[in-house]
Every structure is written in C-alpha cells, then in structure tokens.
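Trainee: Supplied in structure tokens, the structure appears directly below.
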C-alpha cells in the first residue's frame, strides 16, 4: 500500500528511491495560513511527518486562502483542525500540533530536521531565525501578500537578521492575497525542502516574485547587501 502511495513521487528522476529517506524526516511548519496549510499538506502527502504551530483560530476570511479548512471549522483552533485534516489525508505520518505562541520558553517547539516559517510575522521570524541559527537547523523563510512573495533558505552561513534590509513583510490584512501567490510560494518552498532533507546542493539565492506580472528575480544575498544576479 505504502509503496503504491508514493510510487509517482519516486518516479521523479531527481528523487527516486531517496524519497524513502525523506519519509524518515520531520518538518516544522510555523503558521497555518495560506502558505502553511498548502506546504503542510504537500509534505504529508509525500509521507513526511510534520509539527504544525499556530495559536490562532480559523476566521471566515481565512477560508479564501487556507486550503485545509472548511466552513464548519470557523472559530476552531487552526493547529487542532490542521492535525485532524492532515491525519485524514495520510494516516501513515506523525502529525504533532501545538496551539502555542512562540516565546523564549516555547521556542524549542520548532525543533525538527527542517523548519519552514510561514508566519508572515517578522517578530516571530526573527525569534525563530535566532534559535535555528544557534541550533544549526536549516530554515526556509517565506513571505507573501497580494501578488508578491519571497522565499529564502537560511542556514549556518547567513541569518535573517543579516539580510533584514531586503526582507519585505506586508500584512495580508492590508494587501490581501491571491491563491496563486500562495501556491507559487508553497511550490518553491517544498522543492527547496526536498533538497535540504536529502542533503543535496541547494540554491542559496533569494527568490522574489510577482505572480500577477509573472516576474521572478533571484538575488544573491550578501548580508544586508543584495547583488542582483
């Protein structure tokens, strides 16, 4: 059963039988808005266990962008409902849910083989960045709003704080969000995550995109100085 479930994943030339190694990993997904829910679902469908973290409740306006949630979920806790849906999608993985704000006493909850920050909150991102940098845990940072997004891998060579001059972070409540923006960011994130989980060489440029204008820009990060490539 499990072999057939993941057979199409293993047919991908760049992944092959190494997909089995991916299924031994655990990834933390921080933030269960649009990008976080899509990323978590893709990971779980790929057989990867996840830790999902979000203190919020599901609001009616979340249903336009948060793909795991339904009308009946309104006012329920995001983390608990995400766990329920993800386990229904793939009962063969472990899903741990944390209905928590990240503070100095709870930051350890992010610890995993890889952390994906979909919080869209620079204050939270900065705290996670410091923890992962200290613990040498690879971190994928993402930001989306309107039609624009950014995705960047943060590792032992550079931290988010060191490139803060370039990082955008507008509120979705102000800029809105297109579903296409969410799926573009999530697709890039999961592709980068696969390389990190398998220990493969990965591109360290920041990707910035505008899905409406269909523009994509890769920028070489140089610690608060960005050189366009």
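Computed from the coordinates by the stated procedures, all read-outs in this text should not be read as laboratory data. Since the structure is predicted, the reported quantities are computational estimates derived from the model, not experimental observations.
Trainee: Under a 10 Å cutoff between Cα atoms, tell me which one of 216, 98, 67 has the largest fluctuation in the Gaussian network model of the chain.
Mentor: Top of the fluctuation ranking is 216.
Trainee: Per-residue ellipticity at 222 nm for the chain, helices alone: DSSP H runs ≥ 4 residues times -39500 (n - 2.57), over residue total, nearest 500 deg cm²/dmol?
Mentor: Helices in the chain give a 222 nm mean residue ellipticity of -9000 deg cm²/dmol.
Trainee: Please work out how much length the chain gains when fully extended from residue 10 to residue 101, using 0.36 nm per residue of separation minus the C-alpha to C-alpha distance, in nm with one decimal.
Mentor: The span from residue 10 to residue 101 would gain 29.1 nm if fully extended.
Trainee: If you bin the C-alpha pair distances of the chain every 5 Å from 0, what whole percents do you get?
Mentor: Per 5 Å bin, starting at zero, the Cα-Cα P(r) for the chain comes out as 1, 7, 15, 19, 21, 18, 12, 6, 1, 0 percent.
Trainee: Shifting gears a bit: On full extension of the chain, what length is gained from residue 215 through residue 55, given 0.36 nm per residue of separation minus the C-alpha to C-alpha distance?
Mentor: 54.2 nm
Trainee: Of the residues 190, 144, 128, which exhibits the maximal mean-square fluctuation in a Gaussian network model of the chain defined by a 10 Å Cα contact cut-off?
Mentor: 190
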